[in-house]
Amino acid sequence: MKIEYKLLKKEANTNARLGKIITKYGEYSTPMFMPVGTLANVKTLTKEELEAMNAGIILSNTYHLWLRPGDDIVKEAGGLHKFMNYNGPILTDSGGFQVFSLAKPKDISEEGVKFKSHIDGRELFLTPEKSIQIQNNLDSDIAMSFDECPPASANHDYMKKSIERTLRWAKRGKDVHNNKNQALFGIVQGGAYEDLRKYSAIETVKMNFDGYSIGGVANDGESKEDMYKAIDYSIPYLPEDKIRYLMGVGEPVDILEGVERGIDIFDCVLPTRIARHGNVFTRNGKINLRNAKYQRDFTNIEDDCDCYTCKNYTKAYLRHLLVSKEVLAGRLLSIHNIRFLIKLTEEIRDSIKSDNFLEYKNNFLSKYRGDKNEINKK
RNA sequence: GCGGAAUUGGUGAAGUGGUUAACACGCCAGAUUGUGGCUCUGGUAUGCAUGGGUUCGAUCCCCAUAUUUCGCC
C-alpha cells in the first residue's frame, strides 16, 4: 500500500500541525525527524537500535545506491527493506542534492546531469526518468522528484530558470513513475525569493504529488533567515492534507522554527555526522566530548535522557573512545543524538496537543542557547 | 680511565651566522543542516643542554661543564 497522511490537529497559536502517516508497517506521528541512512544503513546503527530510539521513516539515497551496489542488485534482493533488514518506512532522496554537491553548473542540461562518480571518477548521466526508475527498483515507500538544488547565492535569473527546469523534471519523473506502492513527492525550490517560491509551490502542487517538500534551504552559505523565509514563502501554497517535508534540516532550533511554520517531517545528517566527530546535543546546547574538561567527568551526557548511551556510559569513557578513535564512539554518540532529536519531536507533538507549542519552544531555546543568550543580552 | 659522536617543543625530527625556528604526530579548540571522504579549519618552542668566549649579530663557530651513546683498556 501507498502511505497516507492524516492531519489531526492544528495548533491554536501557530502553524504547527499534528498528523499521522499511515503505512503498511504501522502508523507514525508527525512532526517527525527522519534519520539519514544514505548507503542503506543509518551509519553505525542497527535496526534494533533504531527501533529502540523510536525512529520512524529513515532515508536512503538514489545516487549512492545506484552506484553501489546498483539498484538491480537491491531489486534482486527483494527491495531495499529486505536488503537492509528494515521493517519501517523508507524515503529515498532522488540524487538531486548530489547535483548541487557533486556536479558543476555547466554539467546540468535540460536532459539531465553529468556526474563524475565520487567512487572511481567515471562519468555518469542521471535524468529525472532514471532517478525515478532507480527508486522504483529500490522500492522505497516515498520517492522524491529529481530536482536541481541551486546554491543560495544563485541570482534571480538563474534561480527562475532552474525552478522551471525542476518543474519540467518533476513532470517527466511523474510520467514514468509506476510503482503503485510508492508515494512520490514534489520539491519546491526558489531560494529566498518570495515570487519564485510561490511560483514553484503553485506549479508543483498542480501536478498533484503525494506530498511536498521544501528544498534548497540547508545549502552551504544559506543563512537561517533565508531558510525561514523560504519556508514562509512556500507553505501558504501547499495543500493542508499532504505531508510537508523540509529537506536536510536538522538543528534543534531549525526543527522548532520549521514546525512553527507548518512543517511535518525533517531529515538531517547532522546527528550522525557530528556524533562521529565527537559532538552531542544536550538540553543546554551542543557540547564537544573531546574537550579536555570531560577527561574526569564520570557523569553521563544527560541525566534525563532515556537513550542507551546515557543509561550506560560516562562522558569520561566516551571521551576516551573518541580520543582513541574507537568506532564505538561514533555509534554511542549517534544513538544519543538521534534519540535527542526524536525526543524533541515527541515533546513538540505533546505541546501541539495542548496548544502551548510556543511556550515549549521558548523554554527549550532559552535552555539550549544558555550562555549565548546571556551574551546577546549584554 | 682513554678516544669518538650527540644534546632543538609533549614526541619524532628539519634547519640557518642576520626579519616571525620547516614538517609530522600529540595536545588544545572550532566547524559540520536532502552524508564522497572517522573529514576540514585554527592554535600550540620569547627559544635550540648549561656557563663562558669570538662577532655588529650566534641555535648555528670556539672553550669548559653536564648528560646520553659508541668503541677500546
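For the range A:4-267, the Kirkwood radius over C-alpha pairs fed into Stokes-Einstein at 25 °C and 0.890 mPa s yields D = 133 µm² per second.
Computed over chain A with a Gaussian network model linking Cα atoms closer than 10 Å, the most mobile of A:Ala170, A:Ala77, A:Ala218 is A:Ala77. Between the listed residues A:Ile132, A:His64, A:Val74, the Cα displaced farthest toward the positive end of the dipole of the range A:53-133, a dipole computed from Cβ unit charges relative to the Cα centre, is found at A:His64.
Comparing A:Met207, A:Tyr233, A:Asn85 along the charge dipole axis of the range A:4-267, the residue lying farthest to the positive side is A:Met207, per the Cβ-charge model.
For the range A:276-377, give the magnitude of the charge dipole about the Cα centre (Cβ charges: +1 Lys/Arg, -1 Asp/Glu; no others), in debye to the nearest 20.
Numbers: 20 positive and 13 negative charges, 105 e Å.
Value, rounded to 20: 500 debye.
At a 10 angstrom cut-off on C-beta neighbours, averaged per residue, how do the peptides A:332-344, A:32-44, A:95-107 rank from highest to lowest? Display every interim value, and only then the final one.
On the way: A:332-344: 24.5, A:32-44: 21.8, A:95-107: 17.8.
Taking the mean over residues of other Cβ atoms within 10 Å, the ranking is A:332-344, A:32-44, A:95-107.
Maximal additional length on extending the A:Lys180-A:Arg122 stretch stands at 17.5 nm, based on 0.36 nm per residue less the C-alpha distance. Residues considered: A:Ala55, A:Ala183, A:Ala154. Largest GNM mean-square fluctuation over chain A, using C-alpha springs under 10 Å, is found at A:Ala154.
Each semi-axis of the equivalent ellipsoid for the range A:276-377 is √(5λ) with λ an eigenvalue of the Cα gyration tensor; in descending order they amount to 27, 17, 10 Å.
GluC sites (Glu not before Pro), restricted to the range A:204-251: which are DSSP loop and have at most 15 other Cβ atoms within 10 Å? Hits after loop and neighbour filter: A:Glu240.
For chain A, take the longest principal axis of its alpha carbons; what is the angle in degrees between that and the long axis of helix A:224-234, to the nearest 10 within 0 to 90? Tilt of helix A:224-234: around 50 degrees. Relative to the current alpha-carbon distance between A:Asp303 and A:Glu111, full extension at 0.36 nm per residue lengthens the span by 63.7 nm.
Each of A:Pro252, A:Gln295, A:Ser153 was placed along the dipole of chain A (beta-carbon charges, centred on the mean Cα), and the one lying farthest toward the positive end is A:Gln295. Taking the longest Cα principal axis of chain A as reference, the axis of helix A:357-369 is set at about 60 degrees. Between the range A:207-264 and the range A:1-79, the C-alpha centres lie 17 angstrom from each other.
Mind checking the range A:117-204 for trypsin sites (Lys or Arg not before Pro) that DSSP puts in a loop (not H, G, I, E or B) and that have at most 12 other Cβ atoms within 10 Å? Let's see the in-between values first.
Working: sites: A:Arg122, A:Lys130, A:Lys160, A:Lys161, A:Arg165, A:Arg168, A:Lys171, A:Arg172, A:Lys174, A:Lys180, A:Arg197, A:Lys198; in loops: A:Arg122, A:Lys180.
When the trypsin sites (Lys or Arg not before Pro) of the range A:117-204 are filtered for loop state and at most 12 Cβ neighbours within 10 Å, A:Arg122, A:Lys180 remain.
Pairs over the 30 Å Cα-Cα cut-off, from the set A:Lys293/A:Lys367; A:Lys104/A:Lys286; A:Lys2/A:Lys171; A:Lys104/A:Lys325; A:Lys9/A:Lys343: A:Lys104/A:Lys286; A:Lys104/A:Lys325. Which one, A:Asp210, A:Asp93, A:Asp220, has the greatest fluctuation when you compute a Gaussian network model over chain A with C-alpha springs under 10 angstrom? Between A:Asp210, A:Asp93, A:Asp220, it is A:Asp220 that shows the largest mean-square fluctuation.
Taking the Cα atoms only, what angle lies between the long axis of helix A:194-206 and the longest principal axis of chain A, rounded to 10 degrees? That works out to roughly 70 degrees.
Values in this text are rule-based calculations from the coordinates and carry no lab data. The model shown is predicted, which means the values in this text are computed figures rather than measured ones. For neighbour counting, all protein chains shown are included, and Cβ atoms are generated from backbone atoms with ideal geometry for every residue, glycine included.
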